[in-house]
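The values are calculated or read from the model by the stated rules, or taken from the named source; none is laboratory data. In this text the structure is predicted, and so the values were computed from the model without any measurement. Backbone-built Cβ (ideal geometry, glycine too); neighbour counts: all protein chains shown.
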Amino acid sequence: MSNIHVPVAQKITATGSSPAFFSCWDLHAFYGESYIVQGVTFDVREGEILALLGRNGAGKTTTLRSIARASSPTVKHGEIWLDHKPVHKMKSYEAAQNGVALVQEDRCIIPGLTVEENLKLAQIAEPVGWSIERIYEHFPRLGERKNQIGVTLSGGEQQMLAVARALARDIKLLLLDEPYEGLAPVIVHEIESILDNIKQLGITTIIVEQNAIAALRLADRAIILDMGEVVFDGLAQEVLDNEELRQQYLAI
């Protein structure tokens, strides 16, 4: 009897009794000739925060960019499903229209535009997400600086703007690449508080972060990559409690 292919979005998750809200199945991705992601598979339930961890070069950012359907890397094989829709068959703009939002490490604040103009630009395409008023309610510092040119903000404020700009659209999945990069500890705690508020609102999030302890404190579950493969898939607290695992794969 021939094998029957079941789309990964219809499979039952290992961590719950309902189908996964987001699923990445057998993902293989390349940068040029370099084979970076080698068969990565994981699920995320709706409203869950997943910490995607590993040493430098493990394939974390490549996985995020593959999910967002960025022009690079090149995905050679695999399925990516979000809310029963095949993201792996979409262009990057189609993935964005279907609720995928990637906040990149460089934040990509648009030069020459104010804070509010950066936010409004994200709302040009229908359907819109949060209103400007709601954004300022959750990001009061941005409200205070709404007329300031976005690229002149501090690093922490630019990170707030990048996250807020993602929320200005009608998103289903928030992808965060190194949100704490280059920030002072006091600002990291402030960004943590904002992300915790987003978590309470039930927004499904995948976070890549070298500050693994900070990411694990925020996350429900964790995936650890090593050499482009999944070596751990479980509760974030398990990683926090397992010093041997942290030392072996995260060097902490």
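Things worth noting here:
- Subset of segment 232-252 (residues that are in contact with a Leu (Cβ under 7 Å, 6 or more places away or on another chain) and surrounded by fewer than 17 Cβ atoms within 10 Å (Cβ to Cβ)): Leu240
- Counted residues, segment 219-229 - those being outside any strand (DSSP E or B) and either under 18 Å from Asn242 (Cβ atoms) or in contact with a Ser or Thr (Cβ under 7 Å, 6 or more places away or on another chain) (or both): 2
- Inside segment 156-190, residues that are within 13 Å of the chain's Cα centre (by Cα), closer than 16 Å to Ile213 by Cα and of a type in the set (D, E, K, R) make up a count of 2.
- Positions within segment 18-30 being assigned to a strand (DSSP E or B) and out of contact with any helix residue (DSSP H, G or I) (no Cβ under 7 Å at 6 or more places or on another chain), in sequence order: Phe22, Asp26, His28, Phe30
- Hits in segment 38-81 - residues which are over 22 Å from Phe21 (Cα atoms) and part of a strand (DSSP E or B): Gln38, Thr74, Lys76
- All positions within segment 52-110 that are within 16 Å of Leu176 (Cα to Cα) and of a type in the set (Lys, Arg): Lys60, Arg65, Arg69, Arg107
- Search result, residues across segment 164-184 that are part of a strand (DSSP E or B) and either farther than 15 Å from Gly99 by Cβ or not charged (D, E, K, R) (or both): Leu173, Leu174, Leu175, Leu176, Asp177
- Candidate set: segment 131-152, residues that are modelled with pLDDT of 95 or more and in a loop (DSSP other than H, G, I, E, B); chosen: the one surrounded by the fewest Cβ atoms within 10 Å (Cβ to Cβ): Asn147
- Condition broken by Ile198, with the remaining ones in (1) in a helix (DSSP H, G or I); (2) at pLDDT 90 or above; (3) aliphatic (A, V, I, L, M) satisfied: (2)
- The condition (being among the charged types (D, E, K, R) and at negative phi) is satisfied by just one residue among Glu192, Glu178: Glu192.
- Among the candidates Val87, Val115, the residue that is of a type in the set (A, V, I, L, M), within 22 Å of Phe42 (Cα to Cα) and either loosely packed, with under 15 Cβ neighbours inside 10 Å or in contact (Cβ under 8 Å) with a residue 12 or more places away in the chain (or both) is uniquely Val87.
- Checked against the criterion of being charged (D, E, K, R), touching a Pro at 6+ places or on another chain (Cβ under 9 Å) and surrounded by fewer than 19 Cβ atoms within 10 Å (Cβ to Cβ), the candidates Asp196, Asp170 yield just one match: Asp170.
- Condition met for Leu216 (assigned to a helix (DSSP H, G or I), of a type outside the set (Lys, Arg), under 23 Å from Thr41 (Cα atoms) and in contact (Cβ under 8 Å) with a residue 60 or more places away in the chain): yes
- Qualifying residues in segment 205-241 (those that are at pLDDT below 95 and among the polar types (S, T, N, Q)) - the one farthest from His28 (Cα to Cα): Asn211
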